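Engineer: Structure below; questions to follow.
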Amino acid sequence: MPQTSPDDVAGAAAPVAVDVYRPARPLDLVHTLVPLRHGGGDPVWRWTRDGAVWWATRTADGPATLRLEPRSGAVHAAAWGPGAERVVAGVPALLGADDDDSTFPAHLHPLVDRAHRALPGLRIGRTGQVWEQLVPAVLEQRVVGLDAQASWRVLVRRHGTPAPGPAPEGLTVAPPASVWRDLPVWVWRRAGVDAQRHGTVVRAAAVAHALGADLGATELTRRLRTVPGIGPWTAAEVTSRALGDVDAVSVGDLHLPNLVGWSLAGRRTDDAGMLELLEPFRPQRLRAVRLLEVAGSRPPARGPRAPRARALV
């Protein structure tokens, strides 16, 4: 797939908005942004060989393409499309400018402490895009991650719109809630999405207007949980990415309890045991989890696995 160089960007179309973000603290662009991507083939995100990161998103002003390039301790941002100015204005929040880890008690566990020292630039950012995070989170419910990512990829590519500006080939803006709501049943089935997850997305689309990023994590979680099919796991996945909720814990995850248990206590555990082990890190439990996801240890693979979806056609 063709890659886009800085020269290509400059020559193809002038950005609508540009800015330079100079973080006050260390920033690891990759470790900060990778958790926002749903698989290596996520059509709304792209890492290119020139070191840039591209994001296609839908703002209140319309679609936008954002390009981020780290240079000498700063991040150069350029954006195209109707939502360009809004998405550039959100770059500091996206890259964790509001994320303060100065009081994080990493010293409470040697593994967490080592990981925290090794990754001083890991920030918890916020996209400000609730719907964009909600749909893939629902698709990831109770199935193997690779299958959910494939469903997201197929649906966005077929029903989204090309990213504005000189974006890398295939970069796509995900559909708005109204499009997801009206997709026929056969489209969902061909993408490997069962009736329960399909129904959850449709029910959420009906109240998408009330699920704004201006809500705090507590209120957004409450509203999300009123939608049948959305539980604590899905709500935490959304608030962590859309709002930068640094205390969010994805209760109900098939693998996370054992990652936390094995890393912090040398044993397998369940959700209750995981929450007990993470309690000392409140109100920054997500930071502890992110550090363990990078540096933690995992028990030998065994036990039940999530079901595989049928092959996509």
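The values are calculated or read from the model by the stated rules, or taken from the named source; none is laboratory data. Predicted, not measured: the structure shown is a model, and the values here were computed from it. Because the Cβ atoms are built from the backbone with ideal geometry, glycine has one as well, and the counts that use them run over all protein chains shown. Protein only, heavy atoms only, side chains kept; ligands, DNA and RNA dropped before computing areas. Shrake-Rupley method; radii C 1.70, N 1.55, O 1.52, S 1.80 Å.
Engineer: Among Glu219, Glu237, Glu276, which is the only one that is in a helix (DSSP H, G or I), acidic (Asp, Glu) and in contact (Cβ under 8 Å) with a residue 60 or more places away in the chain?
Structural biologist: After applying the criteria, what remains is Glu237.
Engineer: Only one of Pro70, Pro105, Pro136, Pro175 is in contact with a helix residue (DSSP H, G or I) (Cβ under 7 Å, 6 or more places away or on another chain), surrounded by fewer than 16 Cβ atoms within 10 Å (Cβ to Cβ) and either in contact (Cβ under 8 Å) with a residue 60 or more places away in the chain or not acidic (Asp, Glu) (or both); which?
Structural biologist: Just a single option satisfies the conditions, and that option is Pro105.
Engineer: Go through region 51-67 and count every residue that is over 16 Å from the mean Cα position of the chain (by Cα) and open to solvent by 50 Å² or more (accessible area, probe 1.4 Å).
Structural biologist: Result for region 51-67: 2.
Engineer: With the condition kept exactly as written, say whether any residue in region 19-35 is surrounded by fewer than 20 Cβ atoms within 10 Å (Cβ to Cβ), assigned to a loop (DSSP other than H, G, I, E, B), without any contact (Cβ under 8 Å) to a residue 60 or more places away in the chain and among the small types (Gly, Ala, Ser).
Structural biologist: no
Engineer: Condition check: surrounded by 15 or more Cβ atoms within 10 Å (Cβ to Cβ), outside any helix (DSSP H, G or I) and free of Cβ contacts under 8 Å to residues at least 60 places away in the same chain. Does Val227 satisfy that?
Structural biologist: yes
Engineer: Filter region 178-223 for residues that are among the hydroxyl-bearing types (Ser, Thr, Tyr), closer than 25 Å to Ala236 by Cβ and exposed (fewer than 14 other Cβ atoms within 10 Å of the Cβ) and give the result.
Structural biologist: Across region 178-223, the qualifying residue is only Thr218.
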